[in-house]
Amino acid sequence: MSYFTHLECSVPCGAGAYDPRVPQHLCTCGAPLLARYDLKAARAWRRESLAGRAANMWRYRELMPLADGEEPLTLGEGWTPLIHAHRLGDELGMPRLFVKDESLNPTNSFKARGLAAAVTRAAHLGARTLSIPSAGNAANAMAAYAAAAGLEAKVFMPRDVKVPFIRECELYGADVTLVDGLITDAGRVAAEKGKPLGWYDVSTLKEPYRIEGKKTMAYEIGEQLGWNFPDWIVYPTGGGTGMVGMWKAFEELEQIGWKPTGTRPKMVTVQAEHCAPIVRAFEQGAERSEMWQNARTVADGLRVPKAIGDFLVLRAVRESGGAAIAVSDADMVRAMRELGAREGISAAPEGGAALHAVKVLLKDGRMKPTDTVVVFNTGGALKYLDVLNP
Ligand SMILES: Cc1ncc(COP(=O)(O)O)c(C=O)c1O
C-alpha cells in the first residue's frame, strides 16, 4: 500500500489540494505540483521491511504515487550500483568518493525512473497518447515505457539531437518530430500540436510524477550507505527534476524518522559553461533564472536554457549550503574519459561534468578530501560517441 494522498502547489501558492484520481499537470498559478503523502501514518513503515524486496525503485512503494490497487509498470528501473571509486579517489586523495551509476537503468539513463512513474500514472488515469519534449534520454525512456504500457508515444526533440536517440525512439515505436531550436522550442511545438488532440503531456515538472521516480535516487543512496548520508551530492542539472526530487526525498525521510534532521547532503548543481542559467542565478542571488541565450554544449541533457522548476533547484542548493558550478565541454569530456579509464564506468558527458565539479570544489577548498561524496553519472557514453572522436 502507499501513503499517497494528494497533490499540492510547489510554491506553495495556497491553491489547496489537487485530486490525484484525475489527470493533473500544473497548478493554476503555473508552478509545478508535488505529490504529498500521509507522512505521520508512514512513520509506521519500517526500514527492515525493505529486505528481500525487488531490486527496483518500487521497493519504496509506500512513498510512491500509487492508488489502491494500482500496479507499477516496471522495466527494472532503479537500484543502480553505488560504486566506490577507489582509483579516482586515490588520485584525488578522496577515500570516500562514490559514483551512483545511473547508466544501468533501462534505456541507459536516470530518465527511466521518472518516466516509469509518469507512464504508470498516465496509464492508470486513462491516457491513450503521451507526448514529451526531450533532449534525447527522456524521449527514449518515455518511448520504452509507453510501448510497455501499450500507449502511443509522440516525441519532440531538437533537430540536431544525436542520431542514436532518434533511432532508439523509433525502435520502441514512437512517433518522432524534430524541431528547429532547443528543448524549449520542442516543448512549445509539442504543446501546440498535442493540446487540441488531448495528448497527455509528460514534460519535465509539467506533470507531478516524474519527480517521484527521481526522488528514489536519494532513498537508494541512504539504503546503500546503511542509512548514512553523504556530505555532498553532485548532480548534472538541466530541467532539475533530479535535484528537486532528491531534496524532497530527504524531507520525507526525515518526517518518517528514517533520517536524522540536520544531516542533509550539500547539493551541487552542475551545468555547462555555455548553458548555465541556474549557476548564474545562484551567483546573482536571484530566486529564478533568466533565459540563457545561444545555449550550446555537447551534454544534450544540460542544454536547457530555462527550467520551469529553476526556483526549486535554487532553493535546494541554497538550503543545503551547496554550490552551483559551470563546466566547459572540454573538461566534461576529459572527466568522462577518466570515469571510463580509471573506473570502467561508461559515462555520459553529463556524468563527466559532475566529476569535474568535484575537482573544482576540492581545489578551492569547499570540499574536504575526507568528505563522503556521491557523484551522479546520469547516463551512459554509447549515445554520445561523437564527442569521443579523437
Ligand atoms: C544524461 C543526462 N543527465 C542529466 C540531465 C539533466 O536532468 P534534469 O533535467 O533532471 O536536470 C539529462 C536530461 O536530459 C540527461 O539526459
- Query: Restricting attention to region 253-273, and to residues there that are touching a residue at least 40 places away in the same chain (Cβ under 8 Å), of a type outside the set (Val, Ile, Thr) and surrounded by fewer than 22 Cβ atoms within 10 Å (Cβ to Cβ), which single residue is nearest to the ligand (Cβ to nearest atom)?
  - Reply: 273
- Residues (outside any helix (DSSP H, G or I), within 21 Å of residue 246 (Cβ to Cβ) and among the aliphatic types (A, V, I, L, M)) located in region 54-71: 55, 64, 66
- Exactly one condition in (1) assigned to a helix (DSSP H, G or I); (2) within 16 Å of the ligand (Cβ to nearest atom); (3) modelled with pLDDT of 95 or more; (4) under 19 Å from the mean Cα position of the chain (by Cα) is not met by residue 184; state its number. (3)
- Item | Conditions (1) at pLDDT below 95; (2) closer than 17 Å to residue 236 by Cα; (3) away from the ligand (no atom under 12 Å from the Cβ): number failed by residue 360 | (1)
- Among residues belonging to region 307-319 that are under 18 Å from the mean Cα position of the chain (by Cα) and at pLDDT 95 or above, point out the one that is farthest from residue 30 (Cα to Cα). 317
- Message: Condition first: assigned to a loop (DSSP other than H, G, I, E, B) and open to solvent by 10 Å² or more (accessible area, probe 1.4 Å). Now tell me which residues in region 355-372 satisfy that.
- Response: 364, 365, 366, 368, 369, 370, 371, 372
- When you go through (1) open to solvent by less than 60 Å² (accessible area, probe 1.4 Å); (2) in a loop (DSSP other than H, G, I, E, B); (3) aliphatic (A, V, I, L, M); (4) in contact (Cβ under 8 Å) with a residue 24 or more places away in the chain one by one for residue 15, which number turns out not to apply? (4)
- So which of 348, 381, 341, 295 is in contact with a Phe, Trp or Tyr (Cβ under 8 Å, 6 or more places away or on another chain) and not polar (S, T, N, Q)? 348
- Item | Options 168, 91; residue that is open to solvent by 10 Å² or more (accessible area, probe 1.4 Å) and assigned by TED's automatic domain parsing to the domain that holds residue 187 | 168
- Among the residues of region 340-354, which ones are more than 13 Å from the ligand (Cβ to nearest atom) and assigned to a helix (DSSP H, G or I)? 340, 341, 342, 343
- Within region 284-292, is even one residue crowded, with 21+ Cβ neighbours inside 10 Å, within 28 Å of residue 51 (Cβ to Cβ) and not aliphatic (A, V, I, L, M)? no
- Tally time: how many residues in region 20-53 are closer than 27 Å to residue 259 by Cβ, open to solvent by less than 60 Å² (accessible area, probe 1.4 Å) and in a loop (DSSP other than H, G, I, E, B)? 4
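The values are calculated or read from the model by the stated rules, or taken from the named source; none is laboratory data. Just so we're clear, the structure is a prediction, and the values are computed from it rather than from any experiment. Note: ideal-geometry Cβ built from the backbone for every residue, glycine included; neighbour counts use all protein chains shown. In case anyone asks, the SASA skips ligands and DNA or RNA and just uses the protein heavy atoms, side chains included. Shrake-Rupley method; radii C 1.70, N 1.55, O 1.52, S 1.80 Å.
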